1. List every residue pair whose Cβ atoms lie under 7 Å apart, where the two residues are 6 or more positions apart in sequence or sit on different chains, the first residue falls within the stretch 94-115 and is free of Cβ contacts under 8 Å to residues at least 60 places away in the same chain, and the second residue, located anywhere, is acidic (Asp, Glu) and in a strand (DSSP E or B).
2. Give me the pairs, please: first residue somewhere in the stretch 10-30 and closer than 21 Å to PRO63 by Cα, second residue anywhere and open to solvent by 50 Å² or more (accessible area, probe 1.4 Å) and among the small types (Gly, Ala, Ser), beta-carbon distance under 8 Å, and either six or more positions apart or on two chains.
3. Return a yes/no flag: does the stretch 34-51 have any residue that is in contact with a strand residue (DSSP E or B) (Cβ under 7 Å, 6 or more places away or on another chain), modelled with pLDDT under 85 and within 22 Å of LEU115 (Cα to Cα).
Amino acid sequence: CTFVERARPVRAVLQDNLVATGLEGRARVEALDALVWLQRQVPPTDGSGPVAGASFDLVLLDPPYATEPEVWARVLEAVGLLAPDGVVVIESRQPVALPGGWDVQREKGYGDTLLVIVRPSSPPPEPS
């Protein structure tokens, strides 16, 4: 499990919670912008260099609430190694404008917070 967080105080809370739950050996906290971290996980398409990433079963996105649609598109594009049954959970205060290739599985509001569960669109079935 990997937590990616820029803000030092939030990283400290994450680390404290991992210690308190006894999970510090099973998770790590990365001090980076999430988009930068995600882009570093995508394997090179030209065949050069090692593959840095692994597939993700669950991606939780809780960016600044004023995130613009183009930011969602860049972040979801960077989630390129989602496992076949993986999902992305987005937290926002406004409707999320998904780029093409993503489908909403579920959406639920909690006060002024919106949770949106998305998955990549399924490719059309092969003609038989």
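1. Matching pairs, first to second residue: THR113/GLU91; LEU114/GLU107; LEU115/GLU91.
2. Going by the 8 Å Cβ cut-off, the qualifying pairs are ARG11/ALA31.
3. yes
The values are calculated or read from the model by the stated rules, or taken from the named source; none is laboratory data. Everything quoted here is computed from the prediction, not taken from an experiment. Cβ sites come from the backbone with ideal geometry, for glycine too, and all protein chains shown count toward neighbours. These accessible areas exclude ligands, DNA and RNA; they are computed on the full protein's heavy atoms, side chains included. Shrake-Rupley method; radii C 1.70, N 1.55, O 1.52, S 1.80 Å.
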